[in-house]
Amino acid sequence: MKIHKYDTVIVGAGGAGMRAAIESTKRSRTAVLTKLYPTRSHTGAAQGGMAAALANVEEDNWEWHTFDTVKGGDYLVDQDAAEILAKEAIDAVLDLEKMGLPFNRTPNGTIDQRRFGGHSRNHGEAPVRRSCYAADRTGHMILQTLYQNCVKEGVEFFNEFYVLDQLITEIDGVKHSAGVVAYELATGEIHIFQAKAVIYASGGTGKFFKVTSNAHTLTGDGQAACYRRGLPLEDMEFFQFHPTGIWRMGILLTEGARGEGGILRNKDGERFMEKYAPVMKDLASRDVVSRSIYTEIREGRGCGPEGDHVYLDLTHLPPEQLDAKLPDITEFARTYLGIEPYTDPIPIQPTAHYAMGGIPTNVEGEVLSDNTTVVPGLYAAGEVACVSVHGANRLGTNSLLDINVFGKRSGIAAAEYSAKSDFVELPENPESLVVATIEKLRNSTGHERVADIRRELQETMDANVMVFRTEQTIKTAVEKIAELRERYENVSIQDKGKRFNTDLLEAIELGNLLELAEVMAVSALARKESRGGHYREDYPNRDDVNFMRHTMAYREVGEDGSETVRLDYKPVVQTRYQPMERKY
Amino acid sequence: MATPVLDKVEAESAASPYITVTMRIRRFNPEVSDASVWEDFQIEIDPKERVLDALHKIKWDVDGTLTFRRSCAHGICGSDAMRINGKNRLACKTLIKDINPEKPITVEAIKGLTVLKDLVVDMEPFFQAYRDVMPFLITKGNEPTRERLQSAEDRERFDDTTKCILCAACTSSCPVFWNDGQYFGPAAIVNAHRFIFDSRDEAGEQRLEILNDKDGVWRCRTTFNCTDACPRGIEVTKAIQEVKRALITRRF
């Protein structure tokens, strides 16, 4: 076991982690621990763009962007945070451009902008060009640009280090962050990183679904590490299903395709979004479009022999436009489906895409241990966090924005905190939980296999807590997850070695997914209303009287060692926008 | 305007698609043995699935010790470059049907970098070469308040090399790199190109001097292996030629 001491430790090297690292490395001795090489992170899979009211191509302002974000989130957004997001968006984009990001350009040389779902002119009048983009590989460019600037700043990376535990020390009854425990993939060695400040930027949890746009590695490791140490998770029932995933595979096809003029059609060739969203049509917000697609499918207007998908039609767009603006997604269609998007429509279905919920933070990125108390020294940013700027449904292009705005803010806040603070004493035997977890898996002779349990988890999540939910389906999921968690106790692995033991890590990741799936399902069961990405067929309306509040889920351990999810609630911050009915 | 109806893709999906393929994988685990061995696995798979899916079937259902890197599974993250049937490819972008599943499909680690276990290589020398070319925008003078302006034509000039995902498929397909790991390799040159030809950048001369080194761009023998290997379709050899030309003419 090795012990390291750093002022600031960042967990994760996607967009949020690297944006934070660029700030904190300038101000404090920083280590970035990442389970993947930095440029492997899933920020690179983001396609369509990053919203900012630059007004380069038409009139726009950040107040409209704030409104769209609040409305898009079905009024569960904390409005003070949304205002910061929209206001700081402009500098966030300009920062990236100055760091070298190769945005597409307008004829006069400024950053070009295009339309995206839910972004409108003057509070919903018509779609607006707000998304700053680099073809359909904006996330790739952001990830590369941030990594390039990390190289420039000399950021210290620990690649293929898996953070498996958050160390908490209580001082006068207040939880303080003391550091993290990491597992080095190459050697199997355990490392303690004592740090004055820790920033989680470890991404989402999408791999508990089967059809998902998420990478294999998005297993909620940061959320689980904090949750297991008694910290709450906020709004975990809210998960975004992106309307256009490649049929059965879930690979993302950007909303930018519809921003460029792409149209969704059912088996009759009908542009069905006109029925559901007369103004914004195919560019309504993602939850609305995903529900519309499944409504078409359920009412027998889906495509294919099983009627289980619809089409994304780009055939009316000039090939030159597809080549220039959508080169990657058209190539995905060719590679994975053997389809030529110039002439044939692309079969799509909604795909599990983004966790709106996560580790609760305030606008400085400070993690909360309840509705108001800050955990000194602990920060989170990006998809792992819940500020909440996305509320019940995130707008497209607001996540690349989120990682930049709140990555930067948390990087600065954490470094400033570590500059004025002392190290917190480590708990006794800081490695004990990680050692116990690893040894249990390594020595297990049980007959359960990781792949079987994961498959069943993903199938039950897709069947029961996806776009449409009811009391009955959610209960089915809760029961199935409980069964799987019991079976997980008997899981065993084949690779008993120290070196690059990905068999072991997949088992640990599955444990995280199971724990978080339970939190999601229990949170969803209690929310007896429909709002944003959480749609209950048995409660089809939004209920502002009883549910205009954030869910806060805590892990409770009984005296017999049994584990339950305890739910509490937190008020939503409302400033200038009163909840209205949401129409597109 | 075309009005889509049922098309050919759908018609094929009804019949049982599974076939049996042999995956012949070069295994190496220094905890077990100093020597690497070929091991065959027979699996049932839909030929429209990826080589990565085949590797997952083996790892998840047959042999959990099989070790490889992967993440996004659709050709964006650059984790799973491998030598498949003797050619460098991404396992997640290679469909079984496209690589003759009648015969055993061979999978081995990319060449020129030290194998650590099975298909996992030491990426550090690769990333060191990348870092050595100063892969970041360098400008002089005061920063503008708004964005720097760039014409669409100037932006287009380096578009191809911005696509690089640092998967190492090109560098580890290069015979010069196999023979001498000191050579910067195609990927580092591609990333230097990305900045040398960016109209906003002001350190092109410095990067050219770095690549004028004995282990620099002149080692390239234009075998085009790198261009063939690139899963992003970057014209790697062309980019290297452009850097060579810039070194001669000092114009870029």
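Since every read-out is calculated from the coordinates, none of them should be taken as a lab result. For clarity, every value in this text was computed on a predicted model and none was experimentally measured. Reconstructed Cβ throughout: ideal geometry from the backbone, glycine too, with neighbour counts over all protein chains shown.
Let me know the Rg and Dmax you get for chain A when you use only its Cα atoms, in Å.
Taking only Cα atoms of chain A, I get Rg and Dmax of 22.6, 69 Å.
Find which of A:Ser290, A:Tyr311, A:Val363 sits farthest along the positive direction of the dipole of the stretch A:274-363, computed with +1 on the beta-carbon of Lys and Arg, -1 on that of Asp and Glu, about the Cα centre.
The residue sitting farthest along the positive end of the dipole is A:Val363.
From the cross-link list A:Lys35/A:Lys528; A:Lys71/A:Lys207; A:Lys207/A:Lys440, which pairs have alpha carbons spaced over 31 Å apart?
Going by Cα-Cα distance, A:Lys35/A:Lys528 fall outside the 31 Å limit.
How long is the stretch B:16-121 along each principal axis, judged by its Cα atoms, biggest number first, in Å?
42, 28, 24
Can you show me the helix-derived [θ] at 222 nm for the protein assembly as shown, built from DSSP H runs with n ≥ 4 at -39,500 (n - 2.57) apiece and divided by the number of residues, rounded to the nearest 500.
Rounded to the nearest 500, it is -10000 deg cm²/dmol.
Placing +1 on the Cβ of each Lys and Arg and -1 on the Cβ of each Asp and Glu in the stretch A:432-541, which of A:Leu505, A:Gly446, A:Thr470 has its Cα farthest towards the positive end of the resulting dipole?
A:Leu505
So how long is each side of the stretch A:195-291 along the principal axes, counting just the alpha-carbon atoms, biggest first, in Å?
Cα extents, longest axis first: 57, 27, 22 Å.
Which whole number of Å³ per residue matches the convex hull of the alpha-carbon atoms in the stretch A:245-350?
Considering the Cα atoms of the stretch A:245-350, their hull volume per residue is 91 Å³.
I want to check a number: in the stretch B:16-121, how many lysine pairs have alpha carbons closer than 17 Å, given a sequence separation of 8 or more or different chains?
Lysine pairs, 8 or more places apart or on different chains, close enough: 10.
So for the stretch A:1-75, what are the equivalent ellipsoid semi-axes in whole Å, largest first, each being the square root of 5 times an eigenvalue of the Cα gyration tensor?
34, 15, 13
Among the Cys residues of chain B, which have no other cysteine Cβ under 4.7 angstrom away?
That list is B:Cys92, B:Cys164, B:Cys167, B:Cys174, B:Cys220, B:Cys230.
For the stretch A:461-532, I need the span (max minus min coordinate) of the C-alpha atoms along each principal axis, in Å, sorted largest to smallest.
Largest to smallest, the principal-axis extents are 49, 23, 17 Å.
How many percent of the alpha carbon pairs in the stretch A:36-181 exceed a separation of 28 Å?
36 percent
Report the longest stretch of chain B that contains none of the GluC sites (Glu not before Pro) sitting in a DSSP loop with at most 15 other Cβ atoms within 10 Å.
B:103-201
To make sure I understand, if each residue's beta carbon is the centre and we count other beta carbons within 10 Å, what order do A:Asp136, A:Asp422 fall in, fewest to most?
Taking fewest neighbouring Cβ atoms as first place, the list is A:Asp422, A:Asp136.
Test of understanding: what is the full-extension gain from A:Asp323 to A:Asp308, defined as 0.36 nm times their sequence separation minus their Cα-Cα distance?
2.5 nm
Rg to Rh for the stretch B:35-86: what is it, with Cα atoms only and Rh by Kirkwood?
Here the Rg-to-Rh quotient is 0.95.
Rounded to the nearest whole Å³, what is the per residue volume of the convex hull around the Cα atoms of chain B?
Taking the convex hull of the Cα positions in chain B, it is 185 Å³ per residue.
Which helices of chain A meet both criteria: a Cα extent of 30 Å or more along the helical axis and a mean Kyte-Doolittle score no lower than 1.0, with helices taken as whole DSSP H segments?
Sorted by number, the helices that extend far enough and score high enough are A:502-526.
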